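Nothing in this text is a laboratory measurement; each read-out follows from the coordinates by a stated rule. Remember, it's a predicted structure, so these values are computed and weren't measured experimentally. All Cβ positions, even for glycine, are placed from backbone atoms using ideal geometry, and neighbour counts span all protein chains on display.
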Amino acid sequence: MSELDLAADPEFNSRLREPSGLGAVAGAVAGFLSALLPSQVADSQSGEAEQELEAVTSAVLDRLSARRSGMTFMLTIAFTSENAAKAARIANAFADQYLLSQLEAKFDATERANTWLNERLETLREEVRTDEQAVEMYRAENGLLDTGGSTLTEQQISDLNAQLAIQRAELSAAESSLRNVQTQLERGASLDTIGEVLRSETIRALRAQQTDTSRRRSDLTSRYGPRHPEILAVEREAADLEEQVNREIQRIVAGLETEVNVARQRVGSLQSTLSGVRDELVTNNRALVQLRELEREAEASRTLFESFLNRFRQTSEQNDLATADARIVARAPVPVTPSSPNWMLNLALGFILAGMAGAGVIVLLEVFDNGVRSEADVERELGAGHIASVPMLARARFGRKQGGGEGHPYDYVRENPLSGIAESFRVIRSAILLSNLDKVHKVVAITSALPGEGKTTTTYSLGRISAMSGSKTIILDCDLRRRLLTKAAAPDAQKGLMEVLAGEATLDEVLMDDAEPGLHILPVVESQFTPRDVFSSDAFKSLLAVLRQRYDLVLIDTAPVLAVTDTRVIAARADAVVVSVKWKTTPREAAASAIDILRDVNANVLGVALSQVDMNAQARYGYEGSSYYYKNYRSYYSG
C-alpha cells in the first residue's frame with residue numbers, strides 16, 4: 001500500500017474522486033464547520049484517516065485474486081484495474097511482498113530456534129560431563145577395568161579356562177598312556193608296540209645290542225656245543241641286556257606315573273584359582289549392573305547432546321542460506337486486451353452447457369434402457385454365462401437368391417465362412433463341445449424368452465457352421481406354431497416331425513438335405529395346435545435316442561419359453577440349452593424369468609448368446625469383455 005502510494009489513487013480512494021453535486025455541497029459544509037470548530041474537527045480527522053486507509057485496503061483486496069494453477073503448486077496472482085500497466089505493477093508488487101514476508105518469517109523463526117538451542121546445549125553439555133564422570137568414578141571404585149569390551153576379571157577367567165583345557169588334555173593323554181602300559185604289563189604282553197617304549201633311545205639301543213647278541217649266538221651254536229664257554233658268555237650277555245630292557249621299561253612307567261601326578265596337580269591348582277576368580281566375577285557382575293545403568297544414562301545424555309548440536313549447526317547454516325519457499329516463475333505483463341467482458345469465454349460456456357444438456361439426455365436414455373447390452377449385463381442381471389455376441393448383419397450384405405427375392409442371413413455364414421458373424425457361431429459350437437469333456441452334449445435346444453430374438457437364425461446358422469466343420473448335424477423344428485425354420489430351410493416339405501412321432505412316416509422319409517453337405521433338416525409340415533403332449537411322449541424320447549446315435553450334433557429350434565410350455569419339456573430332455581437374447585431389445589426381467597423357468601425344470605442352461613449386436617456400439621459401453629476390443633480385431637475377419 002505505502003510502496004505504491006495507493007491511498008493517493010482516486011481509483012481506490014473514493015474521497016479523491018471528483019465530487020458530484022451533492023458531494024460538492026457536503027464538502028463545502030464540512031470545510032465551513034472545520035473553520036468554526038478546529039479542535040473537534042482535528043479529532044474526527046484522525047479517525048477518518050484510519051477509516052480512509054481501511055477503505056482503500058478493502059478496495060485493493062477486492063480487486064486482488066490468487067488461485068492455484070491446476071494440480072501444480074503454482075499460484076497465479078491477478079489484479080483488476082482500470083489501467084493495464086497499473087494492474088501489472090500492483091500484481092508484481094504483491095508477489096514481491098509475498099516472497100519478502102516468507103524470508104522475514106524464516107529469519108525470525110531461525111533466530112528464535114538458535115537462541116533456544118544454544119541455551120539447551122549448555123545444559124546438556126553439563127549433564128554429559130556429570131554422567132561420564134560418575135561412570136569413571138564407579139568403575140575405579142569397584143575395580144571394573146575395561147580391557148577390550150570385557151573386564152579384567154572376565155579376561156582372567158578366559159585365560160584360566162584356556163590353560164585348564166590344555167592341562168586337562170595333557171592329563172588325559174598322560175593317563176591314557178599310563179593305562180595302556182599298565183594293561184600290557186598285566187597281560188604279560190610285549191611292550192615293544194607302546195609308543196613311549198618305541199620313542200625311548202635307550203630301548204632302541206638295547207634292542208639293537210640284543211639283535212647283535214642273538215646273531216652271534218646263532219653263529220657260535222652252529223660251530224660249538226651248547227656248553228662251550230663262548231656260547232655261555234653270549235647267553236650271559238643276552239640275559240644282562242634283557243634285564244637292562246626291563247629296568248628301562250620300569251623307569252618309563254615310573255616317568256608316566258610322575259607325569260600323571262604332576263598334570264593332576266596342575267589341573268587342581270588351576271581349578272582352585274578359577275573358582276576364586278569366578279567368585280570375584282560374581283561380585284563384579286553385581287557392580288556391573290549399576291555400572292551399565294550409569295553408562296546408559298551417560299550415553300543417552302551424549303546422544304541427546306549430539307542431536308541438539310547437529311540441529312544447532314543446521315539452523316545456523318540455514319540462517320545464512322535462507323531462501324523463500326516460493327519463487328516468481330513469470331512476472332505479470334501489461335495486458336493488451338481487457339479481461340471483461342470475455343466474449344470467447346461466454347461463447348465457449350454456451351457450447352459447454354449445450355453439450356452437457358445433450359449428454360444428460362443421452363444418460364437418461366441409457367438409464368431407462370432396460371435391455372441387455374454387454375457381457376457383464378448377462379452375468380450380473382441374468383445370472384448366466386455369456387457364450388458369444390452375434391454381430392448385426394446389414395440387409396445389404398445378405399445377398400439375393402437366384403431368380404430374385406431377398407436372401408436369408410443363414411446364407412451369409414455359408415458364403416462368408418471367414419466373417420466375424422461366422423466366427424461368433426463357431427464360438428457357440430466350441431462352447432457346446434467343451435462345456436463338459438466327460439459327457440459330450442449332443443442334443444442342444446436353442447430358445448429365447450420372447451419371439452423375434454433371433455433363435456431360429458442362431459439355430460440354422462449354428463447348424464451350417466457345425467456341418468462346415470465336419471460334424472454330421474441335424475436341426476429339428478419344434479416350434480409347432482410359427483415353423484420359421486421349416487419356412488427358411490425346407491418350405492417344400494410334405495411330411496415332418498409330427499408324422500414321424502405319429503408313426504405315419506419314417507425318419508428317413510421326412511429328412512430334408514440342406515444346401516450345406518452334412519446338414520439335415522427335420523421340418524414341421526403344418527402349423528397346428530395339438531392337445532397331445534407330443535414332446536413328453538415316448539416317441540419323442542425314442543426319436544432323440546436314434547438321433548444321438550446317427551448324428552454328432554442335434555439342434556432343436558424351440559418356441560419362446562414365456563410363450564409356450566412345450567419348450568420346458570424339450571429343454572428338460574436336451575443335454576444343454578442355449579438362450580438367445582436380442583441385444584438392447586429383450587427386457588432383462590423377461591430374459592431372467594425365462595432362464596429361471598428353464599432351471600426350475602432342471603434344464604442345463606449352457607449360457608446366453610446375444611443376437612443382432614452392434615459391436616461398435618457395444619464396445620462403447622465400457623471395459624466389459626472381449627467386445628470392447630472389437631475395433632482392434634474386426635479387420636482380422638473377411639466379409
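Count the net charge of all other residues whose Cβ sits under 14 Å from the Cβ of LEU304, scoring Lys and Arg as +1 and Asp and Glu as -1. Neighbour charge sum, excluding LEU304 itself: -2. Within a straight-line Cα-Cα reach of under 22 Å, LYS541 can be paired with the following lysines, leaving aside sequence neighbours fewer than 8 residues apart in one chain: LYS439, LYS442, LYS472, LYS495.
Each peptide in 535-545, 422-432, 375-385 receives the mean, over its residues, of other Cβ atoms within 10 Å, and ordering these scores from highest gives 422-432, 375-385, 535-545. Each other residue within a Cβ distance under 12 Å of THR258 adds +1 if Lys or Arg and -1 if Asp or Glu, for a net charge of 0. Each Lys or Arg adds one and each Asp or Glu subtracts one; over the other residues with Cβ under 15 Å from the Cβ of ALA609, this totals 0. Principal axis extents of the C-alpha atoms in segment 206-273 (largest first, rounded to whole Å): 71, 16, 9. Amide H contacts of SER469: none lie under 5 Å away among residues 5 or more positions distant or on a separate chain (H built 1.01 Å from N in the peptide plane; Pro and chain starts excluded). Seen from all directions on average, segment 507-583 presents a Cα convex hull projection of 6.7 nm². Footprinting exposure proxy ranking of VAL500, VAL579, fewest other C-beta atoms within 10 angstrom first, gives VAL500, VAL579. 3J(HN,Hα) along segment 226-237: x, 9, 5, x, 5, 5, 5, 5, 5, 5, 5, 5 Hz, from the Karplus curve 6.51 cos²θ - 1.76 cosθ + 1.60 with θ = phi - 60°, whole Hz, x for Gly and Pro. Residues ILE231, ILE446 in ascending order of nearby Cβ atoms (within 10 Å, fewest first): ILE231, ILE446. A cut-off of 5 Å between modelled amide H atoms, ignoring neighbours fewer than 5 places along the same chain, links VAL390 with LEU610, SER611, GLN612, VAL613.
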